[in-house]
1. Each label point is 7 Å from the Cα along the Cα-to-Cβ direction; what then is the distance between the points at residue 60 and residue 30, in nm?
2. Looking only at Cα atoms, what is the convex hull volume of the range 10-75 per residue, in Å³?
3. Label residue 53 and residue 5 with points 7 Å out from Cα along Cα→Cβ: what is the distance between them in nm?
4. With θ set to phi - 60° and the Karplus curve 6.51 cos²θ - 1.76 cosθ + 1.60, what are the ³J(HN,Hα) couplings of the range 48-55 in order, to the nearest whole Hz, using x for Gly and Pro?
5. So how do 53-64, 21-32, 37-48 stack up, highest first, on mean other-Cβ count within 10 Å?
6. Name the long-range amide H neighbours of residue 22: under 5 Å, sequence gap of 5 or more, or other chain; modelled H, no Pro or chain starts.
7. Let me know the charge dipole size of the range 10-75 about its Cα centre in debye, to the nearest 20, where only the beta-carbon of Lys, Arg (+1) and Asp, Glu (-1) is charged.
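Just so it is clear, none of the values below were taken in a lab; they were calculated from the coordinates. Note that the structure is predicted; figures quoted are calculated from it, not measured. Every residue, glycine among them, receives a Cβ derived from its backbone with ideal geometry; neighbour counts consider all protein chains shown.
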Amino acid sequence: MIGHEGDGSLLSYLKKMGLASELVSGEKNSAPGFNFFTVDLEITIEGLSKFECTNFSKTTFFFSIRSMGTSNLYCLSIYGYVT
């Protein structure tokens, strides 16, 4: 869900705002028995100048996923409601 690029996605929202151009997410194996989930966000110059807004949008999206649970991930939008 985090790497989704369609309507209602985190990347779609950030692109519309002119804050980011690319988002890549996935698992990173750092050592035997230790994996991390990483999110790499390519921000624009505008996104850098409005870093607080960019970071707030990303954090809000992650907390929305956390509060909804995994059963509703498919329906989650950047606005935090089910469409």
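1. 2.9 nm
2. It is 105 Å³ per residue.
3. Here the modelled spin labels are 2.3 nm apart.
4. Whole-Hz 3J(HN,Hα) from phi for the range 48-55: 6, 5, 10, 4, 4, 5, 4, 5.
5. Packing order, densest peptide first, comes out as 53-64, 37-48, 21-32.
6. Under 5 Å from the amide H of residue 22: 42.
7. Charge dipole, the range 10-75, about its Cα centre: 180 debye, nearest 20.
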